[in-house]
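The numbers here are math on the coordinates, done by the rules we state, and not lab data. If you're wondering where the values come from, they're calculated on a predicted model, not measured in any experiment. Don't worry about glycine lacking a Cβ; one is built from the backbone with ideal geometry, like all the others, and counts go over all protein chains shown.
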Amino acid sequence: MSEVLLTLSPYIKVALPVPMRTLFDYKVPKAIALRHELKPGMRVKVPFGKSSRLGVIVAVSDHSEWDPDQIKPLTSLHDKSPVISAELMALCEWAARYYHHPIGDVIFHALPILLRKGENAEFRTENWWFTTEKGQTTSLEQLSRAPRQQDFLKAVQQHPNGLSQHAASVLDLAPNAAKILEEKGLLRKEPRSFNKGGERHAHVTQIPPTLNMEQMRATEHILDYRHQFHVALLDGVTGSGKTEVFLRVMERLIDEGKQILVMVPEIGLTPQTLKRFENRFNTDIVLMHSNMSDRERLDAWLLAASGHAKIIIGTRSAAFIPAPNLGLIVIDEEHDTSYKQHEGFRYHARDLAIKRAQALNIPVLLASATPSYESLTNALQKRFAWLKLRQRAGNAHIPKMERVDLRGKSLVHGFSEQALVSMKQCLERKEQVLVFLNRRGYAPTLMCHQCGWIAACDHCDVNLTVHKRANKLHCHHCDTQKALIHTCPECQSEELFTVGEGTEQIETQLSTLFKEVPILRIDRDSTQRKSAMAKLTQKIHEHDQAILIGTQMLAKGHHFPNVTLVIIMDADAGLFSSDFRGMERTAQLITQVAGRAGRAKKPGHVLLQTYHPDHTAIECLCNLGYEHFAIDGLAERKSLSLPPFYHQVIIRAESGNEQEAMQLLSTMRNDLEPYFSKDVFLVGPYAAIIVRKAGQHRALISLKSAQRAPLHQATQMMTEWLEQSTKQHRIRFAIDVDPLETY
């Protein structure tokens, strides 16, 4: 009898989206246990405090360590089957341990927003419209006084198999018109399951280009390892045809019935990637990125989870997308810092994808023209296969890089005379110029000429950026916005002026210098609206001559065949960074931006405007290339015991009180350091470079070790100490494992 009761009334361990690194035990009422088999990955409604919350079952057990009288019963079961597979649950549990993050937060991060809110994990139903017999014979002229009804009826008449609600919205047809036509007996509606939400394809399959020897060797290597865990670093110069290599590999795997996950760092790259894949594959493709609506993301998630979508293209969060037949993970631009989450659950999507591939015993392909130092180290140590592509596809040549010495030169709107002459010559040849400046807005500073007042953010230790077109002052750190002022608040002088240049200002100034030339600006401000990036890139391809101005958004993987001149305005930006990764990022940006030039038959030319033309890093990059630069940089990192040769964890604390966060970390170090392994080295606590951000004063402490085990043991001790110590204080803390920002 007792065995039956235990079977009917098991206990479940539930993950809840709360900042607590623990699971919560609940009883399963007999009524639920009799009717349903509870499994890990199912969602349940449970009492929590004075309210109830949606949680996810992590484990089912016939016992609990807690007193049974203290354990509350769950309120209701939300799913008939798990929404998180056993494979993804194991990945979430590993990620929670490795990144020292609350398990509930990790699991809920792996779900689309609508599933976190309690939506059913089912395809939505949408209305399809069909003509009735009367509607088929009705002349459109009879609706001439109701043009919207006329348009709707015409569209449905042209779709004898039915017009979906989605298609009607794409055609910009009025929903009210359909209701009126239904009332008139001209249309009938039929609810259908939305289960084919893949992107619409032209299905005009292109003939693939001929591979060169390097591409063939890389393709054959990856295909040889396609049925086992294997990491390959596809290190190819810009324009070397890296995408073509993984398209060939994908082709074989799709023929074998496999699904492919392709990760890209930026939303802006997804339309371009989608178009390239559509032209090659007659299969269903789904996108997964933050510019989609919550419903679109759930549809994509369901299509991938059902195995229907064969190609999944997504940004960072796609690392968690379910795919029952996953056969390959491709991480394009693997070096990009966008793969690292910098707030909340601070995971790195590249590392998570590799861990996932290892569990599934499938290959991972990392592609980049400027591989991260971490991936290069793994390649040098033979953990990753290192596949090099050193020649550009077709007859294209690597662009010539030239340093322009700005010392003692007079500049016109930030441009040297040589740059302006080169731009004019390029445009006369009906070619395009790309101007790179990694600073959006009109100017980074607004200053008073009379008293020296500077417009600063009230909540951060930074200046407000001037956005003239939007007529505002904007803090790019906490998002505070104010109306642009024209009178100094200190001395009431009207002599306010801007200091420095941003992309908006460069756009304005070049419009006066090149009045007849289309000027297109690509930055976060100009691409906020849905499909804005796709429209801008289409305009670039439509014009022969044009000037493109942009931030690092332009540096990533775009193919503009008519760009022959690239001007890098502030090549010195990262040379003297306080972050040891500053030089690596500068070299990657310069190389990636330079790679936009000369990608077709026309030769490319790159001008680096610099006040330090003789700097060893600039010289090395221009004369010897990124690989040589990176290997020199790795030797320096090794001598200084820095990542990737040492593993690092940074603990950040922040408080509204100026001293509180620093005092907390100091006390923690004093209390715990005697218990740490001698292999763990601590630095700090020290203040963040921007001490005050969004009204919070920030302090950090850094741990590093050559071995991961003692580092994670120390991190675990600190995490537990902080959880206890911050309960009574308004101090927030965050654990950042393998950080990319160290200040």
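Considering only alpha-carbon pairs that sit under 8 angstrom and 6 or more positions apart, the relative contact order computed for the chain is 10 percent.
Each Cα pair under 8 Å and six or more residues apart adds its sequence gap; the mean of these over the residue count of the range 125-193 is a relative contact order of 55 percent. Shape analysis of the chain based on the Cα gyration tensor places the equivalent ellipsoid semi-axes at 42, 39, 29 Å, largest first.
Going highest first, how would you order 484-494, 182-192 by mean Cβ packing within 10 Å? Numbers along the way, then the final one.
Numbers: 484-494: 12.3, 182-192: 15.5.
In descending order of packing, they fall as 182-192, 484-494.
Using a simple spin-label model with pseudo-atoms 7 Å out from Cα toward Cβ, Asp544 and Ala706 lie 6.3 nm apart. Charge dipole of the chain (Cα centre as origin; +1 on each Lys and Arg Cβ, -1 on each Asp and Glu Cβ, all else neutral): 1420 debye, rounded to the nearest 20. Annotation: the residues Val499, Val231, Val286, sorted from fewest to most other C-beta atoms within 10 Å of their own C-beta, follow the order Val499, Val231, Val286. Going from the fewest other Cβ atoms within 10 Å to the most, the residues Arg403, Arg730 appear in the order Arg730, Arg403.
Estimated at 0.36 nm per residue, the fully extended path between Asp67 and Glu251 surpasses their Cα-Cα distance by 60.6 nm. Taking a ≥ b ≥ c as the square roots of the Cα gyration tensor eigenvalues, with a/c under 1.5 meaning rounded and otherwise prolate when a/b beats b/c, else oblate, which class fits the range 2-116? Since a/c reaches 1.5 and a/b is larger than b/c, the shape of the range 2-116 is classed as prolate. Among Ile329, Ile84, Ile618, Ile207, a tally of other beta-carbon atoms within 10 Å of each Cβ gives an order, fewest to most, of Ile207, Ile618, Ile329, Ile84. Return the FRET efficiency for the residue pair Gln158, Arg295: r is the Cβ-Cβ distance, R0 is 22 Å, and the value is rounded to the nearest 0.05. About 0.25, to the nearest 0.05. A crude spin-label estimate for the pair Met717 and Lys468, with each label 7 Å from Cα along the Cβ direction, gives 5.8 nm. Helical content of the chain, expressed as a calculated mean residue ellipticity at 222 nm, amounts to -9500 deg cm²/dmol (DSSP H runs of 4 or more residues, -39,500 (n - 2.57) each, divided by residue number, nearest 500).
Unpaired cysteine residues in the chain (no second Cys Cβ under 4.7 Å): Cys92, Cys426, Cys478, Cys620, Cys622. Computed over the range 125-193, the Cα gyration tensor eigenvalues convert (square root of 5λ each) into semi-axes of 18, 13, 10 Å, ordered from largest to smallest.
Reducing the range 66-121 and the range 453-507 to their Cα centroids gives an inter-centroid distance of 44 Å.
Take the Cβ atoms of Gln381 and Phe130, set R0 to 60 Å, and the FRET efficiency comes out at 0.45. Dividing the mean sequence gap of close Cα pairs (under 8 Å, 6+ apart) by how many residues the range 441-501 holds gives a relative contact order of 39 percent. Express in whole angstrom the spacing between the alpha-carbon centres of the range 716-743 and the range 569-646. Each part's Cα centre sits 34 Å from the other's.
Modelled spin-label separation between Leu223 and Ile690, with each label point placed 7 Å from Cα along the Cα-to-Cβ direction: 4.9 nm.
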